[in-house]
Amino acid sequence: MSVRLSPRRRAGDRPLRCAAGTMSRTLVLSIGLIWLAVSGGAAQSPESVNLVLHWQHQSQFAGYYMALAKGLYAREGLDVRLVRGGPDVRGVELLRSGKADFASLMLSSAMEERARGLPLVHLAQIVNRSNFLLVAWRNPSQGPPIRELADLNGQKLTVWLEDFRAPYLALFASHGVRPVILPQYCTLSLFPQRGAVACSAMRYNEYHVLMQSGIQAADVRVFSLHELGIRMPEDGLYAMQDVWKQRPDTCRKFVRASLQGWRYAHAHHDETIDEVMKYVRKDNLPVNRMHMVWMLREILASIFPAPGDSWTFGRLSRDAYAETRALLTRHSGLHTSPEFDGFVTDEEGL
Amino acid sequence: MINLLNRSLAYRMSALILLGAGLVLLLVQGVSHIEQRRRMLADAVQQGNTLAESAVFQIEVPLGRAESVVQQTAVFLAEKEISRAESAGLIRRTLERNPNLLGMAIALNESPASQGDFKILYGWRTGGTIQVRDREAPALDYQQDWFYLPNYLKRPVWVEPYYDSDAKTSMVTYAVPVLRAGEVVAVVTCDLALEWIHQLLDALPLGESGMALLLSHRGTYISHPVRALEMTETGFSLAEAQADPEMSRNLYQLGLDMLSGQPGYKLFKRPFGDQMAYMHYRPVPATGWALGLMLPQAQVLEPLVRLNRIGALLGLAGLLLLLIPALGIAWSVARPLRHLAVAAHRLAAGDFDARLPELRSRDEVARLTVAFDQMRHNLRRYIADLTATTAAKERIAGELSAAREIQMRIVPKLFPPFPHRPEIDLYAMLIPAREVGGDLYDFVLLDEDHLYLAIGDVSGKGVPASLLMAVGKTMLKSIMQSVRAPARALAQVNEELSEDNELCMFITMFCGILNLKTGDLIYANAGHNPPFLTRRSGAIERLDQPPGPALGVIPGASYHDCSTRLNDGDLLVLYTDGITEAMNSTNLMFDENGLLDHIRCEGHQSARRFLESLEQAVHTHAAGAEQSDDITALVVRYRVPLAVTAGSIQPVLDFERPPDATLRLHNRLAEMNRLTVWIDAQGIALQLPEPLLISLNLVLEEWIVNVISYAYVDKSEHVIEVRLWRDQDDVKIEVEDDGKPFDPTAQAAADTTLALEHRQIGGLGIHFIRKTMNYFAYRRDQGRNIITMVKTNGEQAVC
């Protein structure tokens, strides 16, 4: 336990995804500090904007680091500040309050927020292929061996909360599986302690963390949600509708440079990893380089379509949107959902 | 070096001794090395395990103390619900009593069952005092592992250690659920700083390059000499970073082994430098951590390396010391051998008195010396014997050589034998098989017109054969001189040889007499190979009338004369079986056919050329095979004498061109002066030598006087034409007259034995011309007499 009374960030935590929606009210002080950091030193020209990342610095955001490092934002006349995410930072809140211009969010989260009335607009779809996995012990300490999804019936497993939960609920519902679902927070601890037979994991992150803790591929059964029909695009770039209406050029420039940054990262792996590790070290994060290498490779594979993939880099297709909306409506209690037009700008992929 | 070893026995022996000693030394060193290495490694394993065991014990003691403190508190809380104030007091007192604890928390569960007046209380040490406060964001705390894990696992948990940047130390939390009726109503925790673990592990006696690791149950480095790896890297992430897949696999497996919960050790290859090292690992049972002590093999074996180095140096020194006696022994063995070598060299140079080394022992060298001495004595005796034998052999060889010379002198071998008789072209050869042979040939002019020829072969070879051959030859020749009948002569010789022929030696013999005037050959054969007669036309006849027995075999045997006529240019070939039976290395004989072939090819050559080429042919046939028999042959080509055949053969010189000078004379004796003047003039003009001029003068004068005196029956005037050609030393003269026919060449030779007054007139003139000129011919052409005379090369004239 941290000697700090509020666990803002703990070096011992794994950089795991964590739904932290319940803590927003306790973070006023922190956010104030960030606001000062973000807007205090902004110059008149070039135009200052900021991007709130999903999570702590890692390869998941490599494209933005490279756009910044290679001067792609500057070339568009933008002075971009990257704001780290984490359990104590919530991009949606920063957008709502107008303290952030852009945010990297999950499509499902954004649709739910929009359905709740937050006027978000979708600027670009970065991750088009789902990275969600369900990792299960092949031979759990209790219960039958796990070979198929149906073997999870009545078994304890951990799943993320809130907006990361929807795909799993959709998976279980669509396959008629009824497991005992325990919450999963920032760290992946109950599964390795064998307190659960399965856990949710991102292919580019938690899955590899398990590998790095001595769990071998033969020890676990991995279910890919994408392959099991739960095809939900993930990370995208979002802004408030006002920002989009008032400063469309800025939005376009930002999207254009960000996509260029991703292209650069795609073409320069080693250089990109070096850049990622700079951010990691600056924040003293307990992240090793090999993990970042893995993460970059996997995230790029879900961003850039391989031959045979149906999506277009940077773009959200109407079909993928419709599929996501159907899944959310059916399995996640999303009653009113935004129409594609109006939510998704037609300026993306520039 | 190799050169030196090859040259000297002493060096080679020393080298062998050193090599042997070195090998033994190496073997001892090697065995000792292997044994010591084995023991050192076993000791190191033992030592590593002991160290690991003690280190784990030292780690577990404070952890166990903390566990019991927290568990007691949990037991207490399970019994009774306590207020915020009581809880704060409990935390404060516990921290006061347990100075190794950094902090402590009591967290009530959020569930509605809990009725406490606080959510989470946390006490910690700061600046020497203890503070206890409510946590500001309990909702986030409930998500933390220290609450989350015991809450769901319902058992005490050592949470994964972490680095606390506020406390600036690695920390670990022990969390125990408070269970009431199976429900988790609260969680009690304590925090421990892990700095003491660093100190503990750093203090372990692991040597210069050994190191200690502490891994969490998920493989994360809790303690590592490289602090930057702590809490960031795991044993598996370092394995993953290896470029070499095998190294990566091995390190990954090592991590699995370390976390298997069983103590053990493993020899593995270290990344960075590829050194082999031992990893001794041991679980920390309370926490699920693993302690690893890494000891490089090189470090473990370092004393062994030192020991080896000392051993090698001592061994080297020992070998160098050994070199001195080794060289001494080798020299003492080699010295007499060297002396022997010197003596042998002098012996080879002919010095039989070279001093031998003294015998000091009875070893192999001494035996060699004795044997050498014996050899020297034997050699000396042998050489003396050899000298005597050689002298005897030389004497015999000299005598044999003399015998051969005598034998060769017996047969005539001056060729051409009759240079003044152009009608006889004769050549003979005798090539003895050994020093002296048994073959013979012979020829002699019995008188002006009769040529005696003989060829024979004595049975056997060598001196006896040659002696018999000399006897036979001499006897036959002398008998032939008087008897002049081959058959009778052979019969007489046979009688002589048959008497007392105890050695049973015999001679085959062919002999004959050739009438040079007529070409008639009378011959008889005593068992000899029949000779061949080659006609000018090319036909070959074998003179194979039945021969009589060989000479010396049958007393009283009779022989028969046979005869044949040789025409002009015919070639008579006498030979012995040495020619026809000459064999090559495959025992193929030259054979009669070989001889006949040769006669056909070379029969037109002169006698000498014919025999020389025959000898060559026989040699070629033998192709280096040893000559087994004497090779003997005699050939004679018969030419009809000039006086007999004048006009029938071509003049030696045949001048087609007009004469170089011509003189016309009238049939008056007074014209003779003109003749003399003319000849002198031609002598000057044609540069004829003085003797030739004189001869020409005499011959022409003789003939022309003859023509003027006797050729004309009337008294009218006639012209006599003299024509002269000259070619170098040869001179041809023609004299043409229109007198009555007269062939001087048809006149019988002058009988010079008669007294002058009885001789036929003119006969002497013609005789003189014949004597003087080489060629003398007559022809009658359109009522005119033409006399042709040739004088060649100033040679002696025929007849």
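The values are calculated or read from the model by the stated rules, or taken from the named source; none is laboratory data. Computed from a prediction, not measured in an experiment: that's the story for all the values here. All Cβ positions, even for glycine, are placed from backbone atoms using ideal geometry, and neighbour counts span all protein chains on display.
Residue by residue, here is whether (1) within 60 Å of the chain's Cα centre (by Cα); (2) more than 9 Å from chain A (Cβ to nearest Cβ) holds:
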{"residue": "B:Ser165", "(1), (2)": "no, no"}
{"residue": "B:Val184", "(1), (2)": "no, yes"}
{"residue": "B:Thr189", "(1), (2)": "no, no"}
{"residue": "B:Ser209", "(1), (2)": "no, yes"}
{"residue": "B:Arg218", "(1), (2)": "no, no"}
{"residue": "B:Met231", "(1), (2)": "no, no"}
{"residue": "B:Thr234", "(1), (2)": "no, no"}
{"residue": "B:Asp244", "(1), (2)": "yes, yes"}
Any residue in the stretch A:213-234 that is in contact (Cβ under 8 Å) with a residue 60 or more places away in the chain and of a type in the set (Lys, Arg) sitting within a Cβ distance under 7 Å of a residue that is buried (at least 20 other Cβ atoms within 10 Å of the Cβ) and part of a loop (DSSP other than H, G, I, E, B)? List the pairs, counting only those 6 or more apart or interchain. A:Arg221/A:Ile146; A:Arg231/A:Ser130
Run down B:Ile17, B:Ile34, B:Ile106, B:Ile59 and say which single residue is within 14 Å of chain A (Cβ to nearest Cβ) and either β-branched (Val, Ile, Thr) or in contact with a Gly (Cβ under 9 Å, 6 or more places away or on another chain) (or both). B:Ile106
The stretch B:169-182, residues that are of a type outside the set (Val, Ile, Thr) and within 10 Å of chain A (Cβ to nearest Cβ): B:Ser170, B:Met171, B:Ala175
Residues of the stretch A:295-317 satisfying the condition of being at positive phi and surrounded by 14 or more Cβ atoms within 10 Å (Cβ to Cβ): A:Gly314
Within the stretch B:119-136, restricting to residues that are surrounded by 20 or more Cβ atoms within 10 Å (Cβ to Cβ), without any contact (Cβ under 8 Å) to a residue 40 or more places away in the chain and facing another protein chain (nearest Cβ under 10 Å), the one that is farthest from A:Ile181 (Cα to Cα) is B:Tyr122
Subset of the stretch A:188-214 (residues that are within 13 Å of chain B (Cβ to nearest Cβ), out of contact with any Phe, Trp or Tyr (no Cβ under 8 Å at 6 or more places or on another chain) and polar (S, T, N, Q)): A:Gln193
Would you point out the residue of the stretch A:215-246, among those that are within 14 Å of chain B (Cβ to nearest Cβ) and in a loop (DSSP other than H, G, I, E, B), that is surrounded by the fewest Cβ atoms within 10 Å (Cβ to Cβ)? A:Gln216
Restricting attention to the stretch B:25-64, and to residues there that are free of Cβ contacts under 8 Å to residues at least 24 places away in the same chain and among the acidic types (Asp, Glu), which single residue is farthest from B:Arg306 (Cα to Cα)? B:Asp43
Looking at (1) away from chain B (no Cβ under 14 Å); (2) under 30 Å from A:Ser48 (Cα atoms); (3) over 19 Å from the mean Cα position of the chain (by Cα); (4) among the charged types (D, E, K, R), which is the one condition that is false for A:Arg315? (3)
Residue by residue through the stretch B:698-735, note down the ones that are part of a helix (DSSP H, G or I) and surrounded by fewer than 16 Cβ atoms within 10 Å (Cβ to Cβ). B:Leu698, B:Glu701, B:Val705, B:Ser709, B:Tyr710
If only one of B:Val713, B:Val731 is under 23 Å from B:Gly783 (Cα atoms) and either touching a residue at least 24 places away in the same chain (Cβ under 8 Å) or acidic (Asp, Glu) (or both), which one is it? B:Val713
Failed item in (1) within 30 Å of B:Leu229 (Cα to Cα); (2) at pLDDT below 95, with A:Trp311 passing the rest: (1)
Turns out the strands (runs of 3 or more DSSP E) fully within the stretch B:530-607 with at least 3 residues that are in contact (Cβ under 8 Å) with a residue 60 or more places away in the chain and in contact with a helix residue (DSSP H, G or I) (Cβ under 8 Å, 6 or more places away or on another chain) are B:571-575
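For the stretch A:147-165, does any single residue satisfy the condition of being in contact with a helix residue (DSSP H, G or I) (Cβ under 7 Å, 6 or more places away or on another chain), buried (at least 24 other Cβ atoms within 10 Å of the Cβ) and under 21 Å from A:His54 (Cβ atoms)? So that I can check it myself, show each step before the final result.
The initial filter retains those residues of the stretch A:147-165 that are in contact with a helix residue (DSSP H, G or I) (Cβ under 7 Å, 6 or more places away or on another chain), namely A:149, A:159, A:162-163.
Imposing the further condition that a residue be buried (at least 24 other Cβ atoms within 10 Å of the Cβ) reduces the set to none.
No: zero hits.
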The stretch B:517-528 - residue that is in contact with a strand residue (DSSP E or B) (Cβ under 6 Å, 6 or more places away or on another chain) and of a type outside the set (Gly, Ala, Ser) and, of those, modelled with the lowest pLDDT: B:Asp520
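Among the residues of the stretch B:764-788 satisfying the criterion of being assigned to a strand (DSSP E or B) and of a type in the set (S, T, N, Q), which is farthest from B:Asp738 (Cα to Cα)?
Across the stretch B:764-788, the extreme among qualifying residues is B:Thr788.
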Checked B:Leu497, B:Leu543 against criteria (in contact with a strand residue (DSSP E or B) (Cβ under 8 Å, 6 or more places away or on another chain), of a type in the set (A, V, I, L, M, F, W, C) and under 30 Å from B:Val640 (Cα atoms)); the one match is B:Leu543
Mind counting the residues in the stretch B:269-292 that are under 18 Å from B:Phe236 (Cβ atoms) and surrounded by fewer than 19 Cβ atoms within 10 Å (Cβ to Cβ)? 5
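So which strands (runs of 3 or more DSSP E) stay within the stretch B:362-477 end to end and still have 2 or more residues that are of a type in the set (Gly, Ala, Ser)?
Values: elements: B:424-431, B:439-445, B:450-458.
Here the list reads B:450-458.
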Tell me, which residue of the stretch B:138-157 that is closer than 22 Å to B:Leu90 by Cα, touching a helix residue (DSSP H, G or I) at 6+ places or on another chain (Cβ under 8 Å) and facing another protein chain (nearest Cβ under 8 Å) is modelled with the lowest pLDDT? B:Asp141
Selection from the stretch A:45-96 of residues more than 24 Å from A:Glu271 (Cβ to Cβ) and among the charged types (D, E, K, R) yields A:Glu47, A:Asp88, A:Arg90, A:Glu93, A:Arg96
